[in-house]
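Inspection log for the structure reproduced underneath, given as structure tokens.
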Amino acid sequence: MPDLFSPYTLKGVTLRNRIAMSPMTMHRSVDGKVGDYHIMLMGSRAAGGFGLVFPEQIAITPDGRTSTSCAGIWDDAQVEGLARMCAMVKDMGAVPAIQLGHTGRKGSEQKPWEGKRQIAPDHPDGWQVRGPSAITYGGRYTYPVQALSIPEIHELHRAYAAAARRALAAGFEWLEMHFAHGYLGASFFSPLANQRTDDYGGSLEKRLRFHREALDAVRAVWPERLPLTMRLGSDDLHPDGVQFDEAVWAVGELKRHGLDLADLSLGMNTDDLRESPFSQAAFMVERGNRVRRECGIPVAISWNLGTPAIADRVIRDELIDLVFLGRPALANPHWPIWAARELAHHDPFSILPQDWSWWLHNRPGSENSHGWPAPSVTA
Ligand SMILES: Cc1cc2nc3c(=O)[nH]c(=O)nc-3n(C[C@H](O)[C@H](O)[C@H](O)COP(=O)(O)O)c2cc1C
């Protein structure tokens, strides 16, 4: 029976455990480039024991960013920083992953701590947002959306492929496409945002066409030996939006198009949720397990899995395959080692890079003096 610390192999890649740092947008890039800050963020989590480490969503085009301070991969000049980041992550024993994305009608934002409102297209830090249909999101996203033409959709699929090529050159070994959280892919899947009457809208099959073509474009350039995954907006929690049954069907289709793992999240194509699950522990796990069973595909889940006993249980019970941690990874760079102590792992320091673990094994000091209290102390 696997546990949270069992290695995990997908295609030609083996993670040292089942714990990933989930992608998190940081608004710390300049000209779409990552820098020392990102290398620190990724490197420290890799050194802290995470098996798979994502930076933020990386934009495939300039208008695919959340704010002008977000990272991108539309230009060869952006590869160098990403390559340094990948090298650091590998040196610390983790696998570097990239999440490619386009924010669609939810782009052109202020930084969260500056107000998080959408910025007007004629402002120097704003742009004309694009989406499947000319439907404004609402709430704090107030500006008109330009509906994409079919040639523009094809251009975006070429941008996904070009981004994947650069990601490979940078050294990433795991590629996730971000089609959740109300961003471009998620909005194509949702009737709340997509009311097209051409081949990219209408029936469920047509609402998935954008995904299939993007996946095909990436799979054509991303090696078979490396995992290709998707974060899918699997439920809009709204009667007129994406229903979870549709997502189950969609994952089956995407599997036939080369998807190796489904990372299931919410659609977030509206703020008008009929139920708010955000205060419940592990609320996506049941949905994830259904996809895992019915589609026969590995599944990763995030959302409120930061309690070690819960994270371990969902792996031991084989409900899902990987635990993605967002906020817990921000709060505690050494979450995996802390969790190992909490779960009475036989050797928590074995999760650290070899040199650190050597010192901690061979220079033990007095009992419980290493900074991670033993479970009996925290209990
Ligand atoms: C600061 C922050 C930024 C985030 N940015 C992204 C992102 O770029 N891409 C994405 O798919 N999810 C993003 N998320 C969502 C997380 O990846 C994760 O799915 C979510 O926080 C739930 O996991 P948690 O309960 O462990 O935090 C972000 C979350 C936070 C807290």
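The mean of 1/r over all pairs of different alpha-carbon atoms in the range 42-181, once inverted, gives a Kirkwood hydrodynamic radius of 15.9 Å. For the range 100-173, a/c is not less than 1.5, where a ≥ b ≥ c are the root eigenvalues of the C-alpha gyration tensor, and a/b does not top b/c. That puts it in the oblate class.
With a Förster radius of 22 Å, plug the Cβ-Cβ distance of ASP198 and GLU253 into 1/(1 + (r/R0)^6) and report the FRET value to the nearest 0.05. Step by step, r from the Cβ atoms, then E = 0.70. Using only Cα atoms and rounding to the nearest 10 degrees, what angle (0 to 90) does helix 209-219 make with the longest principal axis of the chain? Compared with the principal axis, the helix lies near 50 degrees.
In terms of Cα atoms, the Rg and Dmax of the range 8-378 work out to 20.4, 70 Å. Applying a threshold of 27 Å to the alpha-carbon distances of LYS106/LYS206; LYS90/LYS116; LYS111/LYS255; LYS11/LYS90; LYS33/LYS116 flags LYS90/LYS116; LYS111/LYS255 as lying beyond it. A P(r) calculated from all alpha carbon pairs of the range 288-370, with 10 Å bins opening at zero, reads 16, 40, 28, 13, 4, 0 percent. With helices as the sole contributors, the chain gives -9500 deg cm²/dmol at 222 nm; each DSSP H run of n ≥ 4 counts as -39500 (n - 2.57), and the sum is divided by every residue. Taken about its Cα centre, the chain carries a charge dipole of about 240 debye when Lys and Arg each add +1 at the Cβ and Asp and Glu each add -1 at the Cβ. For TRP174, the amide hydrogen comes within under 5 Å of the amide hydrogens of ILE98, counting only partners 5 or more places away or on other chains and with H modelled in the peptide plane.
On the basis of the beta-carbon distance and an R0 of 22 Å, ILE150 and GLU205 show a calculated FRET efficiency of 0.85. Near the amide H of LYS33, within less than 5 Å, lie the amide hydrogens of GLY72, all on another chain or at least 5 residues away, with H placed in the peptide plane.
Taking each pair of distinct Cα atoms in the range 1-122 once, what is the resulting Kirkwood hydrodynamic radius in Å? After inverting the pairwise mean of 1/r, the radius is 15.2 Å.
3J(HN,Hα) couplings calculated from phi for the range 227-238 with the Karplus curve 6.51 cos²θ - 1.76 cosθ + 1.60 (θ = phi - 60°) are, in sequence order, x, 10, 10, 9, 8, 9, x, 9, 6, 8, 6, 8 Hz; Gly and Pro show x. With N as its number of residues, the range 212-309 has a Cα radius of gyration that, divided by 2.2 N^0.38 Å, comes to 1.13. Taking Cα centre as origin and charging only the Cβ of basic (Lys, Arg, +1) and acidic (Asp, Glu, -1) residues, the dipole magnitude of the range 279-324 rounds to 80 debye. Here the chain is scanned for trypsin sites (Lys or Arg not before Pro) in DSSP loops (not H, G, I, E, B) that have at most 15 other Cβ atoms within 10 Å, and the longest stretch holding none of them is 275-379.
Just so you know, the averaged projected area of the alpha carbon convex hull for the range 206-261 sits at 3.9 nm². Normalising the Debye intensity of the range 227-379 to I(0), with uniform scatterers on Cα atoms only, and taking log10 at q = 0.09, 0.14, 0.17 Å⁻¹ returns -0.39, -0.78, -0.99. Taking only Cα atoms and a 10 Å spring cutoff, compute GNM fluctuations for the chain and point out the largest among SER133, SER357, SER369. Looking only at SER133, SER357, SER369, the biggest GNM fluctuation is shown by SER369. Neighbour counts of C-beta atoms inside 10 Å place SER6, SER279, SER29, SER44 in the sequence SER279, SER6, SER44, SER29, starting with the fewest.
The GNM of the chain, with springs linking C-alpha atoms under 10 angstrom apart, assigns the highest mean-square fluctuation among LEU232, LEU156, LEU273 to LEU273.
Translational diffusion of the range 137-278 was estimated from the Stokes-Einstein equation, with Rh taken as the Kirkwood radius over Cα pairs; at 25 °C and 0.890 mPa s the coefficient is 158 µm²/s.
Helix 244-256 and the long axis of the chain differ in direction by around 80°, with both axes built from C-alpha atoms.
Using the Karplus relation 6.51 cos²θ - 1.76 cosθ + 1.60 with θ = phi - 60°, the per-residue 3J(HN,Hα) values for the range 106-112 come to 9, x, 6, 9, 6, 4, x Hz, with x marking Gly and Pro.
Every number here is computed from the coordinates shown, using simple stated rules; none is lab data. For clarity, every value in this text was computed on a predicted model and none was experimentally measured. For neighbour counting, all protein chains shown are included, and Cβ atoms are generated from backbone atoms with ideal geometry for every residue, glycine included.
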